[in-house]
Amino acid sequence: MLLAFTILLGLAYPLAVTGAGQALFGWRADGSLVTADGAPTRDRAEAAGSALLGQPFDGPEWFHPRPSAAGDGYDGLASGGSNLGPESPELVASIEARRAEVASTEGVDPADVPPDAVTASGSGLDPHVSPAYAAIQVDRVAAARGLPADDVRALVADHTHGRTLRVLGDPRVDVLALNQALDQAPDQALDRAPASR
């Protein structure tokens with residue numbers, strides 16, 4: 001029985017599930033990778049990121065993602081939160097420091113900084129931000145890129161997803177797709193380097 005169940009559950013079942021995943025959902029099974037222009041790919045060499053994992057974007061010309069507590073930040077091999085409790089002095093201090101930094105960077109009152117701008121997600125790899133966090137970044141990104149703020153707001157709206165099945169979760173903005181769309185927008189004012197990956 002031990003040998004039979006080892007073969008059945010330890011070898012046959014995992015191989016069948018992996019094979020079915022590759023056959024039916026190959027792109028998703030391989031990490032939901034996308035190229036620099038947002039097209040799905042299964043080739044890691046041409047991938048610019050994953051539709052499922054957050055990544056850092058440095059510089060005023062990019063929309064910034066949520067903070068990450070995964071490893072040294074955005075580390076897919078160390079996915080997880082900080083494990084600090086809500087009354088932890090270290091967590092409170094880091095949130096206040098982030099709030100002051102975001103308020104200064106975005107030119108808003110600290111009271112207007114949304115929670116997802118100062119707290120990491122449970123995975124530390126959330127690829128989305130709230131519409132409120134994206135909204136306070138519009139003026140900075142528009143100024144850095146020499147684009148009209150209304151055009152940037154339209155791109156944010158285009159990359160805002162509603163609740164799943166209209167009831168689950170909250171509206172969210174896909175940061176990677178939004179930044180890729182910005183790269184496709186006409187921009188003569190900024191000679192940009194590639195996004196931080």
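The values are calculated or read from the model by the stated rules, or taken from the named source; none is laboratory data. Source: prediction; values computed, not measured. Please note that ligands, DNA and RNA were not included when accessible areas were found on the heavy atoms of the full protein model with its side chains. Shrake-Rupley method; radii C 1.70, N 1.55, O 1.52, S 1.80 Å.
The residues of the chain expose on average 58 square angstrom of accessible surface per residue, using a 1.4 Å probe on protein heavy atoms. Can you give me the C-alpha center-to-center distance between region 101-131 and region 1-57, rounded to a whole angstrom? Cα centres, region 101-131 to region 1-57: 30 Å.
Using equal-weight Cα scatterers in the Debye expression, the normalised intensity of the chain in log10 at q = 0.11, 0.17 Å⁻¹ is -0.60, -1.21. Summarised as an ellipsoid, region 43-129 has semi-axes of 24, 18, 9 Å, derived from the eigenvalues of the Cα gyration tensor scaled by 5 and square-rooted, with the largest first.
Once the Cα atoms are used to define both axes, helix 149-158 deviates from the longest principal axis of the chain by about 20 degrees.
Once C-alpha pairs closer than 8 Å and six or more residues apart are averaged by separation and normalised to the residue number of region 119-174, the relative contact order reads 40 percent. Using only Cα atoms, tell me the angle between helix 131-145 and the longest principal axis of the chain; keep it within 0 to 90° and round to the nearest 10. Around 60 degrees separate the two axes. Among the protein heavy atoms of the chain, carbon and sulfur supply 59% of the accessible surface, probe 1.4 Å, non-protein parts ignored.
When you restrict to C-alpha pairs under 8 Å that are six or more residues apart and normalise by the size of region 1-133, the relative contact order lands at 22 percent.
With n ≥ 4 as the cut-off for DSSP H runs, can you work out [θ] at 222 nm for the chain, using -39500 (n - 2.57) per run divided by the number of residues, rounded to the nearest 500? Rounded to the nearest 500, the figure is -12000 deg cm²/dmol.
Restricted to Cα atoms, region 1-88 shows a radius of gyration and a Dmax of 18.7, 62 angstrom.
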